[in-house]
1. Roughly speaking, what is the centre-to-centre gap between region 49-109 and region 136-157 when only Cα atoms are used, to the nearest Å?
2. Residues of region 136-172 with backbone nitrogen within less than 15 Å of a virtual label 7 Å along the Cα-to-Cβ line of Phe91, please, listed as ranges.
3. Quick one: which residues, 5 or more positions from Tyr111 or on another chain, have an amide H under 5 Å from its amide H? H modelled 1.01 Å from N in the peptide plane, none for Pro or chain starts.
4. Over region 28-104, one equal point on each Cα, no solvent: what is log10 I(q)/I(0) by the Debye formula at q = 0.19, 0.24 Å⁻¹?
5. Using the Karplus curve 6.51 cos²θ - 1.76 cosθ + 1.60 with θ = phi - 60°, what ³J(HN,Hα) values do you get for each residue of region 110-124, in whole Hz, with x for Gly and Pro?
6. Counting just the Cα atoms, what span does region 19-172 cover along each of its three principal axes? Round to the nearest Å and put the largest first.
7. With respect to the cross-link table entries Lys127/Lys195; Lys32/Lys159; Lys130/Lys195; Lys127/Lys159; Lys127/Lys174; Lys130/Lys174, which display a Cα-Cα separation exceeding 24 Å?
8. Tell me which residues come under 5 Å, amide H to amide H, from Asn175 once H is placed; ignore anything under 5 positions away on its chain.
Amino acid sequence: MSIFKKLFKKSSNTESSQHDDMERSKYMPEEKLPLDERFIHNFTRQGGRFLYSLDENEVQANFEDVLVEHDFYETSVLCNDHNLRGRFDGFNLQFSDVHDDCSFFLTTCEYVIADNGAILFSSNQLKEKKPADFPGTMVVLATASQIVESIGEGLRGIKHRSGSNIPTNITTLKNFQEPKVQEKKDLMNYGVPTKRVYLILLEDL
């Protein structure tokens, strides 16, 4: 069950859950949080801005909130996805394929990763560019069904969906704020710059 739906359950369910936890042996392994909860925790802990949407109206409202927060109205927006251009054509934005002088990057993604809060992209979204080539602000559209447990699961999903035509430039992004101490980066995230990332997630489960 989605974390968002669980928020509306009665408190009696919470009390029952607490009782069940007390009954568990201290020697039992810890239960893992559901995928959606793990992703939200890890994504926001790294500085990602998470915007949940129950339907398309809320997607549009959340997108407008981002525009208002940063005064992005009537600016050039980098967007390679013509479906997204049509989806947000009512905001007086100037969509561009050219990376220079754009206020933000509007895109979809391949998957979002619960275990580390990362977002998985490929050449379907980034073409052959590196994340450093994109504007400092990214607005990413995803659905709840794109949440997977690990990068490996995401890579398997890309391979299964793409068949023999696997996209190139597969990259994870998980630097959403300047770290206090430079941390060791995994190979798929090596050299990826910090970005201000808004994830607008549409519930589709």
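Read-outs: derived from the displayed coordinates by stated rules, not from any lab. The shown structure was predicted, so the numbers you read here are calculated from the model rather than taken from an experiment. Using ideal geometry, Cβ is built from the backbone for each residue, glycine included, and neighbour counts are taken over all protein chains shown.
1. 18
2. The answer is 136-142, whose backbone nitrogens lie closer than 15 Å to the label point.
3. Leu120
4. So the normalised log intensities are -0.94, -1.18.
5. 7, 8, 10, 10, 5, 5, 10, x, 7, 10, 9, 10, 9, 5, 4
6. 59, 40, 26
7. Beyond 24 Å between Cα atoms: Lys32/Lys159.
8. HN-HN under 5 Å from Asn175: Lys195.
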